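In what follows, a single structure is set out as structure tokens and then discussed.
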Amino acid sequence: MDITIAGIVLVSAVLHPFRDIMIKKNMFPESAYFACILLWMVLAAVHSVILGFDLWSAAAVWPLVLFSCLGVFLYYMFTMETIKRGDVSVYYPIMRSSPLPVVVLGFLALGHRYSLTMLGGIAFVLIGAFFLQYKRGTRLFSQPLVMSTALVALVGTGIYSLADAEAMRTVEPMVFLFWVNVLVVLCSAIYIMVRKSPGRSHLTHLFGGWRQTPVLFVMAGLSSYASYFLILTAFQMGGNVAAVTSVRLVSIPLSVVLGGLYLKEADTRSRLLWAVVLASGVVVIVLVP
């Protein structure tokens with residue numbers, strides 16, 4: 001991988017966990033994630049206008065916009081469901097193992113075949129994911145619902161990663177981000193209102209946190225937008241989708257460290273070990289011939 005592309009991806013990886021860490025303690029997780037999506041849409045529009053790009057140029061890749069919207073929606077909403085119920089340091093590594101669905105989709109849809117070394121890498125990922133969520137003295141898969149939502153979020157990352165990489169051959173990153181997030185805003189608003197908790201209004205679910213933590217929402221939106229924009233830039237510069245998503249896995253051990261230091265989540269030392277095992281497996285997946 002080109003050194004410039006690698007540097008861009010590493011910066012993106014460092015920025016990425018902060019949104020979920022900041023949102024984890026928020027009283028209004030739905031409005032926090034919705035705020036990020038709204039901010040992405042606004043930031044992408046302003047970014048495009050400042051640089052003089054035509055927002056309608058995304059029409060050339062409209063099917064990819066739809067696929068990316070699907071992936072981002074699944075990732076955002078099911079990450080939200082996962083973070084509300086589970087530890088960031090357990091489930092973030094699983095949700096961010098995006099090279100795994102990229103490889104699986106390549107096998108199922110494109111007919112790719114993999115060596116024993118590649119299968120070994122997949123085994124490392126599965127072992128790391130299992131022991132990240134396993135707690136001694138409890139039932140295996142003691143939180144099956146949370147694991148399920150984390151896996152749906154993982155599939156979402158694979159879908160939007162493949163769509164984004166393809167779209168960056170044709171359209172500018174901020175133009176693509178704008179239209180993807182216009183659609184994600186609409187889909188997420190419907191999902192959040194349908195899933196709202198008793199005792200809170202629809203408006204509270206969508207915008208309730210702005211009065212309490214406006215600075216936190218803006219920081220989460222800015223950091224996540226910058227992280228995602230950098231990944232799209234890496235794709236635009238010719239970065240291979242599997243290699244880029246692999247280098248970005250630096251964010252996995254970082255999320256475990258932050259989960260322990262900031263959220264005071266328990267047993268992060270052993271979780272960090274299994275996060276490294278998981279990340280190592282994904283690296284093997286994308287680097288072997």
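Scanning region 205-225 for residues that are among the aliphatic types (A, V, I, L, M) and touching a residue at least 12 places away in the same chain (Cβ under 8 Å) yields LEU206, LEU216, VAL218, MET219, ALA220, LEU222. Given the options VAL171, VAL175, name the one that is modelled with pLDDT of 85 or more, in a loop (DSSP other than H, G, I, E, B) and within 22 Å of LEU38 (Cα to Cα). VAL171 is the lone residue from the list that is modelled with pLDDT of 85 or more, in a loop (DSSP other than H, G, I, E, B) and within 22 Å of LEU38 (Cα to Cα).
For the condition modelled with pLDDT of 75 or more, among the β-branched types (Val, Ile, Thr) and closer than 23 Å to LEU162 by Cβ, what is the one hit in VAL104, VAL125? Walk me through it before giving the result.
On the way: VAL125 fails: modelled with pLDDT of 75 or more.
VAL104 is the lone residue from the list that is modelled with pLDDT of 75 or more, among the β-branched types (Val, Ile, Thr) and closer than 23 Å to LEU162 by Cβ.
I'd like to check something: does region 58-67 contain any residue that is at pLDDT below 85, closer than 16 Å to LEU232 by Cβ and aliphatic (A, V, I, L, M)? Among the residues of region 58-67, not one is at pLDDT below 85, closer than 16 Å to LEU232 by Cβ and aliphatic (A, V, I, L, M), which makes the answer no.
The values are calculated or read from the model by the stated rules, or taken from the named source; none is laboratory data. No experiment lies behind these values; they were computed from the predicted model shown. Virtual Cβ from ideal backbone geometry, glycine too; neighbours counted across all protein chains shown.
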